[in-house]
Structure formats: C-alpha cells, structure tokens
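K.L.:
The structure is given below, and queries will be raised subsequently.
The values are calculated or read from the model by the stated rules, or taken from the named source; none is laboratory data. Computed from a prediction, not measured in an experiment: that's the story for all the values here. Cβ sites come from the backbone with ideal geometry, for glycine too, and all protein chains shown count toward neighbours. For accessibility, only protein heavy atoms count, side chains too; no ligands or nucleic acids. Shrake-Rupley method; radii C 1.70, N 1.55, O 1.52, S 1.80 Å.
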Amino acid sequence: MEYIVVDFEWNQSPYGKGTGKKKLPFEIIEIGAVKLGENRTIIDTFEAVIQPKVYKKLHHMTHELTGISQEEVDHGALFTHTIVDFMLWCGDDFMFCTWGNTDLIELQRNMKFYRLLDLLPGPLKYYNVQKLFRILKDPQERPSCSLEAAAELLKIPKDANFHRAINDARYTAKIFAMMDIDQAEKLYSVDYYQNPQSRDEEIHLGYETHSKYISREFGTKDEALADREVRATRCLLCSRPAAKKIRWFLGKNKAYYCLAQCREHGFIRGKIRFKKTDDDRVYVVKTIRPISPEQAEEIREMKRDVIQKRREKRHKS
C-alpha cells in the first residue's frame, strides 16, 4: 500500500457572508500531493493550480494567506480534468494522509458538485497527521496545532513557504514519516462525508480506548434518538449491553451524553454528535468510552447543571 499525503488550497465568495453557494462554500484552487511508498519515502509528487468556475475572483484572504495570484488561477487547469488525472495518479491501493480533517471533506464536496464523486467511494479511511502528532509527538497534547508549529517542534527545516499546497503536503509527509507506524495504524480516522444510507451500511469502529458508530441518515434529531441502535450502549470490552444510569440528555457543546454501567467492566460514557448532510438531513456519530467513577460523577454533575438551568429558565418565564 502507498500513502497519498494531500493538501488543498481553496477560495470562497469574495462578496461577504451569505453570498456563497451552500453546496460549494469552498472551491479548490490548488492541489498538492506527495506519494509515499510503504517505507514512507517520497516516490512521486502531484501539483496543479485550478481555475475557479464558481468564485472566479480571489478572496483577499485567500491571496494573502497562500500568495496565489489572480493571474495564476485565471490560467489554471479545469477541476474536472485535473481531479480525474489526480485519482489516476493515486492508483488503486493507497491511503490518504492529511493535516486536519477538512481537506477530504472539501475534496468530496467539490467532486460531488461536479458529479464526479463516484471516482472516490466513501466513507474514507485515512490518517489525520495532525491528530497523530498531537497524540504521539506533542508534549502539550494541544487539540489543534498548526503545521508550521509542528514542523518547528520536530526541527524540520523550513525550506519552503507554508500555505502552498505542495509545500504543505511535503511538510505533512515529513511529519508522518516520523510517526511510529504501528501506533499510527491504531489511530486511523474515518471521514463520513459519504455517510451510510441504510442500516446495512452503518459503520461500527473499534479502537483500543473507545468504539465509534456512524448511523444512516434521519429526517430529524428526534427520529434518530428514537432509533434503538442509536441509543444503545455496549461495553467496549465484552460487547454486552450496559445498563443506563443516566439516559441520553443534551449537555455541553451541543452533544448528547449518557452514563451506563457494565456489570463486569464498570462505567461507560456515551456521547452523540449530530452531523448535517448537504441536504439538511442528520446522522449520528456516537462514541462509547470506558470511564472512571470520578468521570462518571462528572456526567452526573453535568446532568444536574442541565436540570438546574431548565428550572431557572422556567422560573424567569
């Protein structure tokens, strides 16, 4: 298997908030990719500037951040032609690597806009090198770290400007090559932009520290929460159903939480985040994680806070 380390630069409407297309908020204007062999050394590169067809004028922030000029994109290649060439260049047996979790979303969104998404069936399994860096290399374990800051911490020479696609792909490839591949393989990510469309397609993922479930689409949040599989809490260690101690409730950061207990393995925290599709339907990303008694008490405290806020709101009204 080969690794395709990819980076995209994109443009958006230069005319302010609310003027962009809902189905294409960001239009790819540059592709940079590095192909790594199994030993994670560079064997090939791919780069192209794309001529925008939706947001033809560069947003001033895009120009300032990337240094890409209006003249460059005006003479760029067509996305439809370039993406076909890119997918052929990727080959048949590869895994994407990116810095962060947004590049693959925008790639698929752009491909869907031009009706080319069948060239890249999903959901996509990939390595989020930013996450790998945070877990395996960052002493501060920051939830988010810039590519430049990571390169500096790892003492990678800064021999090219950041925020050009091919340069960022090269930097990301160098950081990925420094990761322990056995550990990285346990920390793979899955992009759900092409989310399951039926119960048979729903995804169940198992990691060492947690499990993850990605549901099919539902019309509303209430419809999703009424589904038995969405509500289920199974122990990560024995796969048996765990008894609910606190049923699903809306907690902090717009996520739903529950507390359950396995008779053999102790407390379990469930967490649900709702994701919206481009068609305003919803699907669920549910994480089940074993927790300590102290962490279980934090869930109870969160629930008490929710109840108290509801009482205060009723009292004011």
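K.L.:
Only residues that are within 23 Å of residue 162 (Cβ to Cβ) and free of Cβ contacts under 8 Å to residues at least 24 places away in the same chain: list them for the stretch 26-61, please.
P.N.:
Once the filter is applied, which keeps residues that are within 23 Å of residue 162 (Cβ to Cβ) and free of Cβ contacts under 8 Å to residues at least 24 places away in the same chain, the stretch 26-61 yields only 61.
K.L.:
Also, I was wondering about something else. Just wondering, is there one or more residues in the stretch 268-280 that are more than 27 Å from the chain's Cα centre (by Cα) and among the hydroxyl-bearing types (Ser, Thr, Tyr)?
P.N.:
No.
K.L.:
Taking the stated definitions as given, is residue 181 farther than 30 Å from residue 63 by Cα and open to solvent by less than 30 Å² (accessible area, probe 1.4 Å)?
P.N.:
no
K.L.:
Just to check your reading of the model, which residue among 161, 167 is among the polar types (S, T, N, Q), open to solvent by 10 Å² or more (accessible area, probe 1.4 Å) and under 16 Å from residue 103 (Cβ atoms)? Outline the logic, then answer.
P.N.:
Values: 161 fails: under 16 Å from residue 103 (Cβ atoms).
167 is the lone residue from the list that is among the polar types (S, T, N, Q), open to solvent by 10 Å² or more (accessible area, probe 1.4 Å) and under 16 Å from residue 103 (Cβ atoms).
K.L.:
If I ask for residues that are of a type in the set (Asp, Glu) and part of a helix (DSSP H, G or I), which ones from the stretch 128-184 would you list? First the steps, then the outcome.
P.N.:
So in the stretch 128-184, the residues of a type in the set (Asp, Glu) come out as 138, 141, 148, 152, 159, 168, 180, 182.
Passing the criteria: 148, 152, 168, 182.
K.L.:
Determine if the stretch 190-204 includes at least one residue that is modelled with pLDDT under 95, in contact with a helix residue (DSSP H, G or I) (Cβ under 8 Å, 6 or more places away or on another chain), of a type in the set (D, E, K, R) and assigned to a strand (DSSP E or B).
P.N.:
Checked against the condition, which is being modelled with pLDDT under 95, in contact with a helix residue (DSSP H, G or I) (Cβ under 8 Å, 6 or more places away or on another chain), of a type in the set (D, E, K, R) and assigned to a strand (DSSP E or B), the stretch 190-204 yields at least one hit.
K.L.:
Show the residue pairs meeting these rules: Cβ distance below 7 Å; 6+ apart or different chains; first residue within the stretch 224-240 and closer than 17 Å to residue 274 by Cβ; second residue exposed (fewer than 14 other Cβ atoms within 10 Å of the Cβ).
P.N.:
232/241
K.L.:
Give the stretch 112-127 a look and list any residue that's surrounded by fewer than 16 Cβ atoms within 10 Å (Cβ to Cβ), assigned to a helix (DSSP H, G or I) and not acidic (Asp, Glu), or say none.
P.N.:
119
K.L.:
Also, quick follow-up: Give the stretch 246-260 a look and list any residue that's open to solvent by 10 Å² or more (accessible area, probe 1.4 Å), in contact (Cβ under 8 Å) with a residue 40 or more places away in the chain and in a strand (DSSP E or B), or say none.
P.N.:
246, 250
The rows are residues; the columns are (1) more than 19 Å from residue 105 (Cβ to Cβ); (2) at pLDDT 95 or above; (3) under 23 Å from the mean Cα position of the chain (by Cα).
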residue: 5; (1), (2), (3): no, yes, yes
residue: 22; (1), (2), (3): no, no, yes
residue: 31; (1), (2), (3): no, yes, yes
residue: 34; (1), (2), (3): yes, yes, yes
residue: 38; (1), (2), (3): yes, no, no
residue: 51; (1), (2), (3): yes, yes, no
residue: 55; (1), (2), (3): no, yes, no
residue: 60; (1), (2), (3): yes, no, no
residue: 75; (1), (2), (3): yes, yes, no
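K.L.:
Conditions: (1) assigned to a loop (DSSP other than H, G, I, E, B); (2) open to solvent by 40 Å² or more (accessible area, probe 1.4 Å); (3) in contact with a helix residue (DSSP H, G or I) (Cβ under 9 Å, 6 or more places away or on another chain). Residue 239 meets all but one. Number of the miss?
P.N.:
Of (1) assigned to a loop (DSSP other than H, G, I, E, B); (2) open to solvent by 40 Å² or more (accessible area, probe 1.4 Å); (3) in contact with a helix residue (DSSP H, G or I) (Cβ under 9 Å, 6 or more places away or on another chain), only one is false for residue 239: (3).
K.L.:
Can you name every residue in the stretch 27-72 that is among the basic types (Lys, Arg) and either closer than 30 Å to residue 2 by Cβ or in contact with a Phe, Trp or Tyr (Cβ under 9 Å, 6 or more places away or on another chain) (or both)?
P.N.:
Filtering the stretch 27-72 for residues among the basic types (Lys, Arg) gives 35, 40, 53, 56-57.
35, 40, 53, 57, listed by residue number.
K.L.:
Find all pairs meeting these conditions: Cβ atoms under 7 angstrom apart; at least six residues apart or on different chains; first residue within the stretch 261-282 and touching a residue at least 40 places away in the same chain (Cβ under 8 Å) and within 30 Å of residue 113 (Cα to Cα); second residue open to solvent by 60 Å² or more (accessible area, probe 1.4 Å) and not aromatic (Phe, Trp, Tyr).
P.N.:
274/221; 278/23; 282/220; 282/221; 282/275; 282/276
K.L.:
Another one. On the given criteria, is residue 209 β-branched (Val, Ile, Thr), farther than 30 Å from residue 33 by Cβ and part of a loop (DSSP other than H, G, I, E, B)?
P.N.:
Considered against the rule, which asks whether it is β-branched (Val, Ile, Thr), farther than 30 Å from residue 33 by Cβ and part of a loop (DSSP other than H, G, I, E, B), residue 209 comes out as yes.
K.L.:
Output yes when any residue across the stretch 197-206 is under 29 Å from residue 277 (Cβ atoms), surrounded by 11 or more Cβ atoms within 10 Å (Cβ to Cβ) and touching a Pro at 6+ places or on another chain (Cβ under 7 Å), and no when none is.
P.N.:
Yes, the stretch 197-206 contains at least one residue that is under 29 Å from residue 277 (Cβ atoms), surrounded by 11 or more Cβ atoms within 10 Å (Cβ to Cβ) and touching a Pro at 6+ places or on another chain (Cβ under 7 Å).
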